[in-house]
Amino acid sequence: MKDFLGMRRADGVGTAARFGATLLGGVALLAWFESPAESQTPQGVNSLPPVTVDAPTQQSVRRVPTKRNAARVRSASRRTTAPGTPQTETVVVQSQPSKTGVVPAFAGGQVAQGARLGLLGNTDTMKSPFNVTSYTDKFIQDQQAATAADALILDPSVRSSHPTGGVLDSFNIRGFPINEGNNGEFAFEGLYGIAPTYRIFTDYVERIEVLKGPSAALSGIAPNGGVGGVINVVPKRAGEDLTRFTADYGSAARFGGHWDVARRYGDSKEWGVRASGSLRGGDTPIDRQSETTGVGSLALDYQSERFRSWLYLIAQTDRFDAPSRPFLMAPGLQVPKAPDGRLNVTQPWEWSRINDQSALLRTEYDLSDQVTLFADIGGSQTNVERFFGLPTIINTRGDTTSTPQFFGLSIDRYTYDGGVRTRFDTGFVHHAVAFQASVYHDELYRRLTNGSPVASNIYSPSVAPTQFANEIPGRPRLSDSQLTGLSIADTLSVLDERVLLTLGVRRQGVEANNYVSNVGTPLNSYDKSATTPVVGLVVRPRDNVSLYANYIEGLSKGDIAPVQTGVSNGGEILPPYIAKQYEAGIKVDFGRVATTFSAFEISKASGELSAGRFAATAAQQVRGLEFNVYGELRPDVRVLGGVSVLDGTLTKTAVAANVGNTPIGVPNVQANIGAEWDLPWMRGLTLNGAVIYTGKQFVDTANKQPIPDWTRLDLGARYTTVINGKKTVFRANVQNVTGTEYWSSVASFGTFFLGAPRTYLLSMSVDM
């Protein structure tokens, strides 16, 4: 372990490495003596569906298979009767997807027992060769999380890199950026190009899954080239009949309402409808800022014995006045102390309007008990109109300057795929094979116009004379790209799934065209391809212990050399960048509490300008240790959180003095812990709290401009009762209870963000 981390920071990372090694041994020892009867997953049985989504059924009841015919029983169990049809076999009840088609929740209800692994489909956590976490709808509701960024606040591997009150949800996962561009990198049902581009509102979300690390062979190339992980949205769909209304309030004066209705129809409940949406608006806790959002979603499904189909429709609008903006720091200056999080240098006449529409049709057909065909088609449209600037801090007194810019952008995306999943035996080896062919396409059209410079100050913002956006009709084409892929993967299992080996490969094609900004004439084009493998191994010495390891690669479009003075190869397209990850870890299911401990290394190249030529001569590496814990310490106490220790290093760069430095925006420690306590003396009342810590980060590669570490405390309570026969839940949360003033995070290009101020959230939900 010491060699793994390189011990470049002996005082911090070395201590963490020793702690991690001790913890790993202790957890393994405890797990070895843990009674297998306490495990959530029965021994020797595949508790999750081998397909993307199964038809909603009652809990599957079947006899325990022998080792010889276990594979055949697992395959046969896939094809279930239509929803609502009684099943007569008895003996052992297994954990199967609920009627909403999602993986069951673990003890405590905050995290699921498994998640989607791209091409591999839904996979039990204990049988997955990756570190993946799936956050449930219950957890999202209890957090009063409005967006995906709010919902991922307690994941120690993830940090939101965009400010509260901003127009974008972007993230760092394992030290690498996700969703920083204009193409959208949220997966929706495992597919890119469907989810809204900039922000995910939780109104239509059943689960938010985080697969940590590169995943090109499983999920394909991310549209913006992110390699730190995949954030997948599992949408709501009809299960049990539901009619729920929620009224909510957020400081300073923002009110809203949410509805969620689900029904199933037909003699066997084969038809499903779920509609949800919300309308919220008012002043936020940030000065001079207001936000109005509207969300509507519809999910339709049909489930028969062999054929299954789902249709998802989403529309949302997000409108800001005086949206929060990140900051740039003038070179050679220290980053000043963070101001009060309520202060806002954005002018009251600056604004943003973003509208999204999305649609996805999914189908599956069982040719037999062992073979399933699938096909999906969908797309999305995003329209952006905004008028604001990017403030630069020009001295240590906090003075800023920015130039408002009108930004009109249209984004059209579509995707379609098809393939086959099959299961079979070769001797004593069971195979689960998946093949997929996919196409993703996007087109961007943009118009930019500039306003006049504006001066302000982060400690004492001023209001400048009103400017108006110069909106010129027409949006010239800015870029288009097409990503094609052929993937195949085989999960081989032996010894009643005590040993599982996953082998896969993807051939990825990348075609891209770029056009002159504001003109639309061709500038350069791109047509490259690459092959990325995946190898994963799981060894389960006991039913509640999994040792796992993987090697997987990520893929990013190569940079285009800028066309500017001093660049000799302007317009040249660099080959795709391949990121490589090595990871190993242990997962332990103690029955009511589960833990994951992992060690990983990710390396990735990037382009830079050196001696007048732009080339892929830069590279960074992030090594890390992760520990995750979730579940119930006792029936009335739940925990969720963990710690991530990161050792980021610039391994190659044109500036020799920067080699060995920490990459921009990579902290050395990220830690989260959240807890809930059901008060024993007052039935229905639950108290909750969370502590979030992030270590020091740098906004420059020379490591001369740090932002300090920070700690945030959140507290809350909820009360569940019955009023006139209707289940009613009251929730109250306070974020940043102490009003800490802090710089929260840094994007990969050096912009940094002001942390959220103290925020109050109240809501009341009623199930009719």
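Filtering region 267-304 to residues that are surrounded by fewer than 22 Cβ atoms within 10 Å (Cβ to Cβ) and among the hydrophobic types (A, V, I, L, M, F, W, C) leaves Trp271, Val273, Ala275, Leu279, Leu298, Leu300.
The set of residues in region 436-466 that are buried (at least 17 other Cβ atoms within 10 Å of the Cβ), assigned to a loop (DSSP other than H, G, I, E, B) and touching a Gly at 6+ places or on another chain (Cβ under 8 Å) comprises Gly451, Ile458.
Of all residues in region 581-620, which are under 23 Å from Val510 (Cβ atoms), of a type in the set (Lys, Arg) and buried (at least 17 other Cβ atoms within 10 Å of the Cβ)?
Residue satisfying the conditions is Lys604 alone.
Do we have Tyr440 as aromatic (Phe, Trp, Tyr) and more than 30 Å from Gly121 (Cα to Cα) here? No; evaluated as a whole, the condition is false for this residue.
Taken together, the residues in region 217-250 that are assigned to a loop (DSSP other than H, G, I, E, B), within 26 Å of the chain's Cα centre (by Cα) and at negative phi amount to 11. Screening the candidates Val666, Val722 for the property of being closer than 22 Å to Ala330 by Cα and of a type outside the set (S, T, N, Q) yields one hit, Val666. Residue-level check: of (1) touching a Pro at 6+ places or on another chain (Cβ under 9 Å); (2) modelled with pLDDT of 95 or more, Ala252 misses just (2). Checking every residue in region 335-351 against the condition of being in a strand (DSSP E or B) and crowded, with 16+ Cβ neighbours inside 10 Å gives at least one match. Picking from residues in region 724-743 that are of a type in the set (Val, Ile, Thr) and closer than 14 Å to Ser251 by Cα, the one that is surrounded by the fewest Cβ atoms within 10 Å (Cβ to Cβ) is Val737. Within region 426-435, restricting attention to residues that are within 30 Å of the chain's Cα centre (by Cα) and among the aliphatic types (A, V, I, L, M), which residue is surrounded by the fewest Cβ atoms within 10 Å (Cβ to Cβ)? It comes out as Val433.
Within region 238-247, how many residues are within 16 Å of Val205 (Cβ to Cβ) and at pLDDT 95 or above? Spell out the reasoning first.
From region 238-247, those within 16 Å of Val205 (Cβ to Cβ) are 238-239, 242, 244, 246; that's our starting set.
If we keep only those that are at pLDDT 95 or above too, we end up with 238, 242, 244, 246.
Matching residues across region 238-247 total 4.
Kindly provide the set of residues from region 390-407 that are in contact with a Gly (Cβ under 9 Å, 6 or more places away or on another chain), surrounded by fewer than 22 Cβ atoms within 10 Å (Cβ to Cβ) and not hydroxyl-bearing (Ser, Thr, Tyr), ordered by number.
Selection gives Gln405, Phe406.
Just so you know, in region 741-758 the residues that are among the hydrophobic types (A, V, I, L, M, F, W, C) and in a loop (DSSP other than H, G, I, E, B) include one that is modelled with the lowest pLDDT, and it is Phe749.
Take the conditions (1) crowded, with 21+ Cβ neighbours inside 10 Å; (2) part of a loop (DSSP other than H, G, I, E, B); Asp318 misses just one of them, which is (2). Scanning region 497-543 for residues that are surrounded by fewer than 20 Cβ atoms within 10 Å (Cβ to Cβ) and at positive phi turns up Asn518, Gly520. Could you check region 517-547 and list, in sequence order, the residues that are under 30 Å from Arg498 (Cβ atoms), assigned to a strand (DSSP E or B) and charged (D, E, K, R)? Listed by number, the residues that qualify are Arg540, Arg542.
The residues of region 578-626 that are modelled with pLDDT of 95 or more and among the hydroxyl-bearing types (Ser, Thr, Tyr), listed by number, are Tyr582, Thr595, Thr596, Ser598, Ser603.
The values are calculated or read from the model by the stated rules, or taken from the named source; none is laboratory data. Just so it is clear, the model here is predicted, and its values are computed rather than measured. Because the Cβ atoms are built from the backbone with ideal geometry, glycine has one as well, and the counts that use them run over all protein chains shown.
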